[in-house]
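J.: There's a structure below that I have some questions on.
The values are calculated or read from the model by the stated rules, or taken from the named source; none is laboratory data. Please read these numbers as outputs of a predicted model, since none were measured by experiment. A quick note on method: Cβ atoms are made from the backbone with ideal geometry, for glycine too, and the neighbour counts reach across all protein chains shown.
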Amino acid sequence: MTDFRFYAGVADTYERIRSPITRQVASDLVALAGQAARLLDVGTGTGVALDAVAAALPGAKAVGADRSLEMLATGRNARPAARLAAAEANKLPFRNETFDVVLANFVLAELSHYDTVLFDLTRVLRRGGRVAASTWVWEIDELTRTWLQLVEESIGQEMIASARQEASPWDERFGNRDGLEEALRDAGFHPVHVERRSYRFAMSRDDYIQEQSTRTLGRFVREMLGDRDWQAFLERARVVYERTFPPEIQDTRDVLFAVGTKP
């Protein structure tokens with residue numbers, strides 16, 4: 001059995017569908033983080049944020065770290081020049097005060113012990129350095145509600161709660177402005193600036209379903225059902241979304257950005 005927490009089996013789909021969704025967010029995150037000569041992207045996935053760094057800070061030395069070897073392999077194929085490292089976010093293989101900026105693009109909610117990770121991010125930041133994080137705002141719209149209903153019909157509410165607790169335990173906390181700001185302040189960052197921005201994404205119905213399949217619940221359902229029943233689940237999802245939504249889905253999502261400085 002694969003481990004859904006490590007994005008097993010979905011890296012190529014992630015790069016094809018989710019990378020375009022997160023690219024603009026990553027660009028804005030890099031801009032908010034400010035100038036940097038050395039930059040680390042924690043939980044880099046396939047390295048989308050490194051593209052934003054290369055575009056905005058062409059002279060910067062940037063490295064992306066992630067625990068998923070599959071995501072890193074896909075990132076290596078998509079971005080041959082990118083510097084990528086396999087590492088746990090709470091055990092970063094870098095010396096103290098190495099970086100001017102650390103990015104955490106849609107990462108904090110997936111960390112079981114985020115306080116330990118923030119401690120290590122502080123360690124590798126120089127004094128006056130900045131951590132810049134992005135998180136999805138915790139909201140459930142009609143598109144998401146439809147997906148959740150399909151998942152609940154398939155595996156049950158109790159299993160949904162278990163999956164979220166195991167792989168994305170802090171969705172609600174870090175999808176809330178106060179929770180995100182409090183976590184950075186508790187980690188010693190000061191000042192901390194938080195702002196909210198809206199993004200609109202257009203995609204086909206099938207791409208929306210595939211994008212949801214790369215998220216926590218999608219990966220969990222795939223692991224629970226096995227290949228045959230997973231394909232049946234996807235077909236059911238296509239039927240429901242075709243009946244409910246137009247061929248091109250316009251999906252509006254809000255993002256929180258937080259930038260904190262190490263005193």
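J.: What number of residues within segment 99-133 satisfy the criterion of being aromatic (F, W, Y) and in a loop (DSSP other than H, G, I, E, B)?
T.: Result for segment 99-133: 1.
J.: Keeping to segment 174-225, report how many residues are closer than 28 Å to E15 by Cβ and assigned to a helix (DSSP H, G or I).
T.: 21
J.: Here's another thing I want to ask about it. Please go through segment 55-77 and give me each residue that is in a helix (DSSP H, G or I) and in contact with a strand residue (DSSP E or B) (Cβ under 7 Å, 6 or more places away or on another chain), ordered by number.
T.: At the first step, the residues of segment 55-77 found to be in a helix (DSSP H, G or I) are 55-56, 69-77.
Within segment 55-77, L69, L72, G75, R76 meet the criteria.
J.: Being among the polar types (S, T, N, Q) and either at pLDDT below 95 or under 22 Å from F174 (Cα atoms) (or both) is the requirement here; does N77 meet it? Break it down into steps so the answer makes sense when it comes.
T.: Numbers: among the polar types (S, T, N, Q): yes; either at pLDDT below 95 or under 22 Å from F174 (Cα atoms) (or both): no.
For N77, the condition - among the polar types (S, T, N, Q) and either at pLDDT below 95 or under 22 Å from F174 (Cα atoms) (or both) - is not met.
J.: Quick check on my filter: what residues within segment 57-78 are free of Cβ contacts under 8 Å to residues at least 40 places away in the same chain and either surrounded by 19 or more Cβ atoms within 10 Å (Cβ to Cβ) or closer than 13 Å to Y14 by Cβ (or both)?
T.: L57, A62, V63, G64, A65, D66, L72, N77
J.: Of all residues in segment 181-209, which are under 24 Å from L143 (Cα atoms), of a type outside the set (D, E, K, R) and touching a strand residue (DSSP E or B) at 6+ places or on another chain (Cβ under 7 Å)?
T.: First, the residues of segment 181-209 that are under 24 Å from L143 (Cα atoms): 196-209.
From the residues that got through so far, the ones that are of a type outside the set (D, E, K, R) too are 198-199, 201-204, 208-209.
Of everything in segment 181-209, those that are under 24 Å from L143 (Cα atoms), of a type outside the set (D, E, K, R) and touching a strand residue (DSSP E or B) at 6+ places or on another chain (Cβ under 7 Å) turn out to be S198, Y199, F201, A202, M203, S204, Y208.
J.: Cβ-Cβ below 7 Å, separation at least six or inter-chain, first residue in segment 15-34 and over 12 Å from V53 (Cβ atoms), second part of a helix (DSSP H, G or I) and hydroxyl-bearing (S, T, Y): which pairs?
T.: E15/T74
J.: A further question follows. Within the group A11, A33, which residue is buried (at least 19 other Cβ atoms within 10 Å of the Cβ), within 24 Å of D186 (Cβ to Cβ) and not charged (D, E, K, R)?
T.: On the way: A11 fails: within 24 Å of D186 (Cβ to Cβ).
Residue meeting the stated conditions: A33.
J.: Look at segment 182-191 and say how many of its residues are surrounded by fewer than 18 Cβ atoms within 10 Å (Cβ to Cβ) and either within 12 Å of A133 (Cβ to Cβ) or touching a helix residue (DSSP H, G or I) at 6+ places or on another chain (Cβ under 8 Å) (or both). Give the derivation first.
T.: Of the residues in segment 182-191, the ones surrounded by fewer than 18 Cβ atoms within 10 Å (Cβ to Cβ) are 182, 185-186, 188, 190-191.
Going one step further and asking which of them are either within 12 Å of A133 (Cβ to Cβ) or touching a helix residue (DSSP H, G or I) at 6+ places or on another chain (Cβ under 8 Å) (or both), we end up with 186, 188.
Total meeting the criteria: 2.
J.: Filter segment 210-263 for residues that are closer than 30 Å to V192 by Cα and out of contact with any strand residue (DSSP E or B) (no Cβ under 8 Å at 6 or more places or on another chain); which is surrounded by the fewest Cβ atoms within 10 Å (Cβ to Cβ)? Write out each step before concluding.
T.: First, pick out the residues of segment 210-263 that are closer than 30 Å to V192 by Cα: 215-216, 251-263.
If we keep only those that are out of contact with any strand residue (DSSP E or B) (no Cβ under 8 Å at 6 or more places or on another chain) too, we end up with 215-216.
Values: R215: 18, T216: 21.
Once the filter is applied, the top-ranked residue is R215.
J.: Looking only at segment 43-52, how many residues end up being without any contact (Cβ under 8 Å) to a residue 40 or more places away in the chain, touching a helix residue (DSSP H, G or I) at 6+ places or on another chain (Cβ under 6 Å) and assigned to a helix (DSSP H, G or I)?
T.: 1
J.: Given L72, L92, L118, L84, which one is closer than 21 Å to R215 by Cβ and either of a type outside the set (K, R) or touching a Ser or Thr at 6+ places or on another chain (Cβ under 8 Å) (or both)?
T.: Numbers: L92 fails: closer than 21 Å to R215 by Cβ; L118 fails: closer than 21 Å to R215 by Cβ; L84 fails: closer than 21 Å to R215 by Cβ.
Within the list L72, L92, L118, L84, the selection yields L72.
J.: State whether one or more residues within segment 147-159 are over 20 Å from the mean Cα position of the chain (by Cα) and closer than 22 Å to I21 by Cα.
T.: Step one: filter segment 147-159 for residues over 20 Å from the mean Cα position of the chain (by Cα), giving 149-159.
With the extra rule that they be closer than 22 Å to I21 by Cα, the set shrinks to none.
Checked against the condition, which is being over 20 Å from the mean Cα position of the chain (by Cα) and closer than 22 Å to I21 by Cα, segment 147-159 yields no hits at all.
J.: Taking the residues in segment 141-181 that are free of Cβ contacts under 8 Å to residues at least 40 places away in the same chain and touching a helix residue (DSSP H, G or I) at 6+ places or on another chain (Cβ under 7 Å) as candidates, determine which candidate is surrounded by the most Cβ atoms within 10 Å (Cβ to Cβ).
T.: G179
J.: State all residues of segment 1-42 that are under 20 Å from K262 (Cβ atoms) and either in contact with an Asp or Glu (Cβ under 6 Å, 6 or more places away or on another chain) or part of a strand (DSSP E or B) (or both); if no residue qualifies, say none.
T.: Initial filter on segment 1-42 (under 20 Å from K262 (Cβ atoms)): 29-42.
Within segment 1-42, A36, A37, R38, L39, L40, D41, V42 meet the criteria.
J.: Quick check on my filter: what residues within segment 117-150 are closer than 22 Å to R5 by Cβ and at pLDDT 95 or above?
T.: Taking segment 117-150 and keeping what is closer than 22 Å to R5 by Cβ, we get 117-121, 133-136, 138, 144, 147-148, 150.
Passing the criteria: V117, L118, F119, D120, L121, A133, S134, T135, W136, W147, L150.
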